[in-house]
1. For the range 254-296, what class follows from the C-alpha gyration tensor (a ≥ b ≥ c being the square roots of its eigenvalues): rounded when a/c is under 1.5, otherwise prolate if a/b is larger than b/c, else oblate?
2. Could you list TYR72, TYR125 so that the one with the fewest beta carbons within 10 Å of its beta carbon is first and the one with the most is last?
3. Under the rule of at least 5 residues apart or a separate chain, name every residue whose amide H is placed under 5 Å from the amide H of VAL92.
4. Using every alpha carbon pair in the range 48-342, what percent of pairs falls into each 10 Å bin from 0 up to the bin containing the largest distance?
5. By its C-alpha gyration tensor, with a ≥ b ≥ c as the square roots of the eigenvalues, how is the range 62-141 shaped: rounded for a/c under 1.5, else prolate for a/b larger than b/c, else oblate?
6. Read phi for every residue in the range 268-276 and hand back ³J(HN,Hα) as whole Hz from Karplus 6.51 cos²θ - 1.76 cosθ + 1.60, θ = phi - 60°, with x for Gly and Pro.
7. So how do PHE299, PHE78 line up by other beta-carbon neighbours within 10 Å, fewest first?
8. What ³J(HN,Hα) values, in whole Hz, does the Karplus curve 6.51 cos²θ - 1.76 cosθ + 1.60 give for the range 194-211 when θ = phi - 60°, with x put for Gly and Pro?
Amino acid sequence: MTMIRKYTVCRCCCQVIGVRNMPDDGNLLTGTGLFVFPPEAWYNQCMNPLEVKLGTLKLRTPIVLASGTAGYGEISTFFNIKNLGALTLKAVSIRKRDGNLPPRIAETPSGIMNAIGLANEGIDYFEKHIVPKLSRLKTTLIANVVGDSVEEYALICRKLNRHKIISAIELNVSCPNVKGKKKLFCEDPDVLSAMVSSCKKASSKPIIVKLPPAVFGIEEMAERVEKAGADMLSLVNTVPAMEIDIMKERPVLGNNVGGLSGPAIRPIALRLVHRASQAVKIPIIGGGGVADAADVIKFILAGATAVSVGTSSMIRPDLTDRLAEDLIAILKRKGVDDIAALRGRLSFNGV
Ligand SMILES: Cc1cc2nc3c(=O)[nH]c(=O)nc-3n(C[C@H](O)[C@H](O)[C@H](O)COP(=O)(O)O)c2cc1C
């Protein structure tokens, strides 16, 4: 059997975007070699099948690294940054936070629990030492903000507004409102609205509100932040959880409780992303437990425009390269030219 070379050409500009060896009997299954060109070869074409528009942001791919799982981009040496749509930086607060007592991470079935406690050096350090190093990251950068009061959130947003390298600001609203008797910001609807509108006034950058996995009432929360002026939603944050050491008769985490992430939470997250997408018009970065390209497609079908990856990328730092490659393969298998066309295409069984 002789092998022939099959070229794939961009339908729009006629440039060659892929080539593979296949037998002359045309049987694709016995062909050797996948597309020789890596996914990034597609990104320069006029028709990049993975490009998505997240509000005013144009992302090369729908893949977004989740906050806290990619540091300030130090891990970018492990993967090809061109395969990322965006990288969300680790949380920044007004002052230095030391974080929680160890152990801060524990393994669980199909996931991990963490109680890092949003440890970071504070906004002044961030501006002075982190921001100057960010320009080496050739991708869209999203800052992630935490605080103890509405005023703190707004002040950080005002400071971040001066840095061109930051394309958008994500508000982590699953933090205790110190003034609100330790109620989380997301648990107090009026405070949540006030926070979003203050941050909108403080910065001209798109404001993304990161919602918790509220199993009841996610629609109301999503509608409220949209009404208050949020440009996008991101969901879900980790699921509150606890694990117990039976010999010590104590919780395994130093902080007693933590946030569950990884594949264990994916079905919860998918439902919530779908429900939120039915309730609002603003775009959604969906995620929680994404481990492969099929998971990315699931979140897009459920209504997400872009998809975040966290825990699984900590286990496998080059996962995002694999995701980009496999997404292109899935699109080809489904006969779809443009990943954005799959958004919200989920149809329900007639029960
Ligand atoms: C170790 C760790 C640190 C995290 N730190 C942050 C953070 O600083 N800010 C934030 O908004 N979310 C943080 N998260 C939540 C993730 O961004 C993500 O929303 C969550 O883990 C669910 O996605 P996953 O299952 O893909 O990890 C953290 C998660 C982990 C596992």
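1. oblate
2. Working: TYR72 20, TYR125 14.
Going from least to most buried by this count: TYR125, TYR72.
3. Here ASN144, VAL145, VAL146 satisfy the definition.
4. 6, 30, 38, 21, 4, 0
5. Taking the square roots of the gyration eigenvalues as a ≥ b ≥ c, the range 62-141 is oblate.
6. Karplus values, whole Hz, x for Gly and Pro: 5, 5, 4, 5, 5, 5, 4, 5, 5.
7. PHE78, PHE299
8. Per residue, the Karplus-derived 3J(HN,Hα) values read 5, 5, 4, 5, 5, 5, 4, 5, 7, 9, 8, 7, x, 9, 10, 9, 8, 8 Hz.
Taken together, the values in this text are just the output of simple stated rules run on the coordinates, not laboratory data. These figures come from a predicted structure and were not determined experimentally. Heads up, the Cβs are rebuilt from the backbone with ideal geometry, glycines too, and the neighbour counts pull from every protein chain shown.
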